[in-house]
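Notes to accompany the following structure.
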Amino acid sequence: MWGGRFAEGPAAIMREINASIPFDKRLWRQDIAGSKAHVAMLGKQGIVSAADAETITGGLTTIEGEYAEKGVPVDLALEDIHMVTETRLAELIGPAAGRLHTARSRNDQVATDFKLWVRDAIDSVEAGLKALQTALVTRAGEHAASVMPGFTHLQVAQPVTLGHHLMAYYEMIGRDRSRFADARARLNRCPLGSAALAGTGFPIDRAMTAAALGFDAPTDNSLDSVSDRDFALDYLMAATQASLHLSRLAEEFIIWASQPYAFVSLPDSYSTGSSIMPQKRNPDAAELVRGHSGRIAGCMMALTMTMKGLPLAYSKDMQDDKPPVFEAHDLLALSIAAMTGMVEKVTFNAPRLRQAAEAGFSTATDLADWLVRVADVPFREAHHITGTAVKLAEREGLALDKLPIEALKAIDARIDDRVYDALSVDASVASRRSHGGTAPDQVRARIAEAKAALGIDA
């Protein structure tokens with residue numbers, strides 16, 4: 001490729017460290033699409049003849065079919081997907097292939113290819129996250145009134161509904177989708193035509209190539225165009241946040257599937273056994289999702305460190321931009337699919353969830369709220385009274401709603417029989433009717449809104 005400048009070929013180690021074809025072959029669809037758009041523009045502008053443009057396009061179509069059928073050949077001497085394709089094009093159509101690279105550089109070519117790949121990756125992730133939200137909403141609808149303990153510090157706090165708990169993850173995934181959408185909107189400017197760093201003297205039409213490739217417009221600064229990898233970092237940061245949410249859900253399933261909790265039974269299809277202990281059901285899929293989140297965050301940090309000190313414009317360090325993005329995307333896609341399958345197929349143990357909610361004095365706050373609302377007690381005083389009642393219930397081995405009224409009156413004379421209307425777990429969740437609260441009618445309202453947003457037939 002640069003034999004005119006160099007008297008000797010690269011050393012073997014230089015050939016190996018310099019080549020990116022082992023991983024950037026994944027860009028072949030985007031590379032051919034970009035080349036087709038570029039040569040169509042060159043032909044329209046009269047920069048290459050119409051005959052050459054047609055011949056080049058035909059050759060690219062042939063190569064596209066070859067790659068689809070047989071994969072991309074790996075030749076370290078040709079370095080990358082761009083040169084592998086251009087070399088094959090020359091074999092097919094002869095010298096006319098050399099005109100394809102007119103008015104572009106590998107710098108703007110790879111920036112365009114990579115943007116197209118990341119855009120496709122975002123669209124794929126978006127579809128997966130929407131499917132996960134659909135699964136969450138569907139299961140939440142089945143359990144809008146199923147009572148379970150809500151936790152803080154992994155201690156029983158207040159009763160909530162399982163539907164409310166699952167809808168919390170719907171909200172998290174919704175924010176993930178918005179981050180990917182923002183990243184997609186920001187990246188959708190086309191670098192093609194920026195050439196190496198300064199633009200080109202050929203009369204190209206960058207708006208034409210941008211439109212042909214589905215971009216909103218061409219980029220506005222050629223230096224920035226070839227050196228920008230914000231779009232890859234945006235993708236990795238959104239992927240990291242999404243993986244953290246998936247990891248949190250996976251962790252809950254892992255805990256809930258353990259025998260001391262027994263809140264859920266994970267499906268056989270997402271569990272494994274033990275090589276020595278026949279009774280085991282291991283939540284390996286959930287554990288791998290939890291583990292993948294660390295690797296995805298590592299990919300984000302790897303590219304951040306690669307880009308942190310690079311001067312304008314292109315530096316060869318940027319060849320290392322693609323492996324972390326490819327790895328993170330593969331891991332994220334697997335994690336989304338695994339969590340969607342688990343949510344769809346998990347069996348929730350509703351009686352056990354209710355039992356756990358009833359066992360941890362989870363309605364203590366309701367007693368305090370009742371004292372404030374009915375007996376006009378200041379909240380801090382009500383908090384103290386309730387703490388005394390909890391201590392008594394704990395000592396007697398009773399739930400709060402099983403304490404005799406005489407015992408409650410002995411703690412504070414302002415308590416009367418009406419307090420029992422507030423102390424059951426069902427009464428507790430039913431009372432949390434503030435917007436976004438856990439009351440079943442509020443949960444069902446949020447589910448209806450979610451179904452409308454997802455386009456699910458209510």
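Quick notes on this one:
- Matching residues in segment 263-303 - criterion: being open to solvent by less than 40 Å² (accessible area, probe 1.4 Å) and in contact (Cβ under 8 Å) with a residue 60 or more places away in the chain: PHE263, VAL264, LEU266, PRO267, ILE296, CYS299, MET300, LEU303
- The residue pairs whose first member lies in segment 156-176 and is assigned by the TED database to the domain that holds ALA448 and at pLDDT 95 or above, whose second member is in a helix (DSSP H, G or I) and not aliphatic (A, V, I, L, M), and whose beta carbons are closer than 7 Å, counting only pairs six or more residues apart or on different chains, do not exist in this structure.
- A single entry from ARG186, ARG229 fulfils the requirement of being among the charged types (D, E, K, R), in contact with a helix residue (DSSP H, G or I) (Cβ under 7 Å, 6 or more places away or on another chain) and open to solvent by less than 60 Å² (accessible area, probe 1.4 Å): ARG229.
- Residue in segment 398-416 that is out of contact with any Asp or Glu (no Cβ under 6 Å at 6 or more places or on another chain) and at positive phi present: no
- Qualifying positions in segment 210-223 - surrounded by 17 or more Cβ atoms within 10 Å (Cβ to Cβ) and either more than 16 Å from GLY34 (Cβ to Cβ) or modelled with pLDDT under 95 (or both): SER222
Each row is one residue, and each column tells you yes or no for (1) in a helix (DSSP H, G or I); (2) surrounded by fewer than 22 Cβ atoms within 10 Å (Cβ to Cβ).
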{"site": "ALA195", "(1), (2)": "no, no"}
{"site": "MET208", "(1), (2)": "yes, yes"}
{"site": "ASP234", "(1), (2)": "yes, yes"}
{"site": "ALA238", "(1), (2)": "yes, no"}
{"site": "ALA250", "(1), (2)": "yes, no"}
{"site": "TYR261", "(1), (2)": "no, yes"}
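- Residues of segment 73-95 satisfying the condition of being touching an Asp or Glu at 6+ places or on another chain (Cβ under 8 Å) and surrounded by 20 or more Cβ atoms within 10 Å (Cβ to Cβ): ASP80, ILE81, HIS82, VAL84, THR85, ARG88
- Residue that is nearest to the chain's Cα centre (by Cα), among those in segment 309-322 that are closer than 16 Å to ALA111 by Cα and open to solvent by 50 Å² or more (accessible area, probe 1.4 Å): ASP320
- Among residues of segment 82-111 that are in the same structural domain as ASP228 (by the TED database), none has a beta-carbon under 7 Å from a residue that is at pLDDT below 95 and of a type in the set (S, T, N, Q) at least six positions away or on a different chain.
- Count of segment 332-341 residues which are closer than 30 Å to ASN18 by Cβ and surrounded by 22 or more Cβ atoms within 10 Å (Cβ to Cβ): 1
Results for (1) over 30 Å from SER293 (Cβ atoms); (2) open to solvent by 60 Å² or more (accessible area, probe 1.4 Å); (3) without any contact (Cβ under 8 Å) to a residue 60 or more places away in the chain, shown as yes or no for each residue.
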site: VAL377; (1), (2), (3): yes, no, yes
site: GLY397; (1), (2), (3): yes, yes, yes
site: ASP417; (1), (2), (3): yes, yes, yes
site: SER424; (1), (2), (3): yes, no, no
site: VAL429; (1), (2), (3): yes, no, no
site: ILE447; (1), (2), (3): no, no, no
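- Flag for GLU344 being closer than 30 Å to ALA239 by Cβ, out of contact with any strand residue (DSSP E or B) (no Cβ under 8 Å at 6 or more places or on another chain) and open to solvent by 50 Å² or more (accessible area, probe 1.4 Å): yes
- Residue identified as out of contact with any Leu (no Cβ under 9 Å at 6 or more places or on another chain), crowded, with 20+ Cβ neighbours inside 10 Å, at negative phi and without any contact (Cβ under 8 Å) to a residue 40 or more places away in the chain among ALA356, ALA368, ALA382: ALA368
- Selected residue [surrounded by fewer than 20 Cβ atoms within 10 Å (Cβ to Cβ) and of a type in the set (Val, Ile, Thr)] from VAL125, VAL156: VAL156
- Test for SER194: is it among the hydroxyl-bearing types (Ser, Thr, Tyr), in the same structural domain as ASP230 (by the TED database) and without any contact (Cβ under 8 Å) to a residue 40 or more places away in the chain: no
- Members of segment 431-441 that are in contact (Cβ under 8 Å) with a residue 24 or more places away in the chain and in a helix (DSSP H, G or I): SER431, PRO440
- Only listed residue being in contact with a Gly (Cβ under 8 Å, 6 or more places away or on another chain) and either of a type outside the set (Phe, Trp, Tyr) or exposed (fewer than 14 other Cβ atoms within 10 Å of the Cβ) (or both), chosen from LYS70, LYS25, LYS36, LYS44: LYS25
The values are calculated or read from the model by the stated rules, or taken from the named source; none is laboratory data. In this text, all values refer to a predicted model and were calculated from it rather than measured experimentally. Please note: Cβ atoms are built from the backbone with ideal geometry, for glycine as well, and neighbour counts cover all protein chains shown. These area figures cover heavy atoms from the full protein model, side chains too; ligands, DNA and RNA do not enter into them. Shrake-Rupley method; radii C 1.70, N 1.55, O 1.52, S 1.80 Å.
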